[in-house]
Amino acid sequence: MEFLPEMDPAVLKHIRGELLSPEEEEIVRDWRSQSPEKDQLLKDFETSATWVTQGLRKTAQLDTSDIWQKVKARLEAEGFGPFPADAPATPLPRPSRSLVLKVSIAACTLFLIGLGIKGIINYSHPAQKAIVTVRRTVARTGSPGHAGSAGRTDSAGRAGSAAKIPPGSNKAVLTLANGRQIYLHSVGNGLLARQDNIKVSKVADGRLRYVRLPSSVSSYPTLFNTISTPRAGQFSLVLPDNSRVWLNNVSTLRFPVNFTGNTREVELRGEAYFEVARDKAHPFIVHILKGAGSNTDTATVKVLGTRFNIKAYEGEDSIYATLTKGRIRFYDRRKTSLLSAGDQLVLSKDTVEIRHKADTASTIAWKNGLFNFNHSSLESTMWQIARWYDVKVDIRGKPHGYEFGGGISRSNTLDEIFKGLEKYGVHCRLEGRTIIVTVE
């Protein structure tokens with residue numbers, strides 16, 4: 001990692017997307033506050049494609065001398081350098097932020113090529129709202145649409161008000177036990193409420209944190225809070241047991257302000273990624289709810305300490321449980337399934353399917369600022385877009401047979417999304433708050 005100088009190990013863990021302790025999180029906040037350049041560098045990594053952080057994780061396992069020679073050759077071919085013939089034993093003089101990012105991406109590209117991942121990888125600086133496409137597949141009768149084909153919307157018509165519709169952002173509503181609602185995107189950092197023996201605060205990085213007061217004992221019945229994200233919203237929080245949860249848009253999590261019983265139980269609607277604090281004596285249970293007005297579990301996940309993603313949106317046919325670390329038990333009315341790291345369970349109306357060695361990175365791409373379009377149908381692709389930009393979708397033509405791959409940054413404007421889809425023969429225009437999608 002010589003090409004990332006002056007970085008504490010905790011900062012590197014943050015870049016790789018690994019779980020940090022509270023002390024390490026404090027180190028990261030302190031590091032990024034030292035200068036605007038350091039803060040911007042972390043923002044660049046945080047908004048970069050999933051494959052960048054995957055590549056960074058590989059660096060600790062590979063021959064640094066071999067990496068140095070390949071990266072050196074790539075950079076010198078592009079006009080950077082000159083560099084030493086051998087990998088330096090001490091860090092190089094500090095390069096510019098753009099060079100740091102360039103080196104990192106060059107290294108990651110080499111890693112992915114070495115792993116046999118083929119396709120087109122287009123990268124632009126995150127400040128330019130990059131679109132990263134790793135793979136594309138269109139399988140349907142006939143050929144994909146081309147510029148000038150029937151149904152194309154011209155540039156002026158496509159842009160229109162679509163260029164004015166921004167992407168989603170961190171926003172959510174917290175409903176306290178007494179019914180009081182706090183619009184988290186409208187309040188500043190600091191203490192928001194005290195409930196029983198728990199302090200609820202919004203911390204510097206925009207997250208919600210629940211902290212038990214020192215030497216305090218609960219004297220009230222269990223109190224519950226609910227956090228809900230709207231369309232075009234997302235949010236993350238740290239629960240009282242120090243478990244961390246990321247909520248995708250149009251999602252709701254109901255949880256106790258204090259875990260006092262033999263289990264730690266929460267209720268989820270929509271999509272969330274969990275990093276569960278390990279506690280063998282108190283299993284963590286997620287009750288997955290689906291269906292308007294229903295409080296009956298559709299399914300249940302039980303864990304001790306692990307990382308996983310649950311996707312259970314109303315209106316979509318299936319529920320997905322994807323495990324990135326550890327083991328979980330998944331219960332539904334038909335059977336109990338045990339999942340290990342890399343497994344994905346797909347629960348549909350008639351079947352329960354377990355996919356081994358699933359593409360977990362793509363599943364949690366939303367958490368890392370990307371749309372995941374791998375093996376995505378046109379309908380599923382447009383659902384993702386509609387929720388994030390708070391619009392409706394009207395698909396006209398014959399949408400079946402389209403299958404997409406890769407990902408697009410969720411920081412793009414809606415018009416930039418339209419331009420990306422048009423390359424696949426999918427033509428979009430905006431009428432009011434409805435996307436009209438035309439396919440041949």
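The values are calculated or read from the model by the stated rules, or taken from the named source; none is laboratory data. Fair warning: this is a prediction, and the values are worked out from it, not measured in the lab. Glycine gets a Cβ as well: all are built from the backbone with ideal geometry, and neighbour counts include every protein chain shown. Only protein heavy atoms, including side chains, enter the accessible area calculation; ligands, DNA and RNA are left aside. Shrake-Rupley method; radii C 1.70, N 1.55, O 1.52, S 1.80 Å.
Quick notes on this structure:
- Accessible area per residue for segment 221-284 is 34 Å², calculated with a 1.4 Å probe on protein heavy atoms, without ligands, DNA or RNA.
- Between Ala204 and Ser340, the contour length at 0.36 nm per residue exceeds the alpha carbon distance by 45.5 nm.
- What a 1.4 Å probe finds exposed on segment 346-440 is 49% carbon and sulfur by accessible area, rounded to a whole percent.
- Rounded FRET efficiency, nearest 0.05, which uses the C-beta distance separating Val211 from Gln40 and R0 of 25 Å: 0.25
- Counted residue by residue at 0.36 nm each, then reduced by the alpha carbon distance between them, the extension gain from Lys325 to Asp8 reaches 111.7 nm.
- Efficiency of FRET between Asp359 and Arg333 - r from beta-carbon atoms, R0 30 angstrom, step 0.05: 0.60
- Label zone of Ser318 (point 7 Å out along Cα→Cβ, amide N under 17 Å): in segment 395-432 this covers 400-406.
- Listed peptides 339-345, 264-270 appear in the order 264-270, 339-345 once ranked by packing, highest mean of other Cβ atoms within 10 Å at the front.
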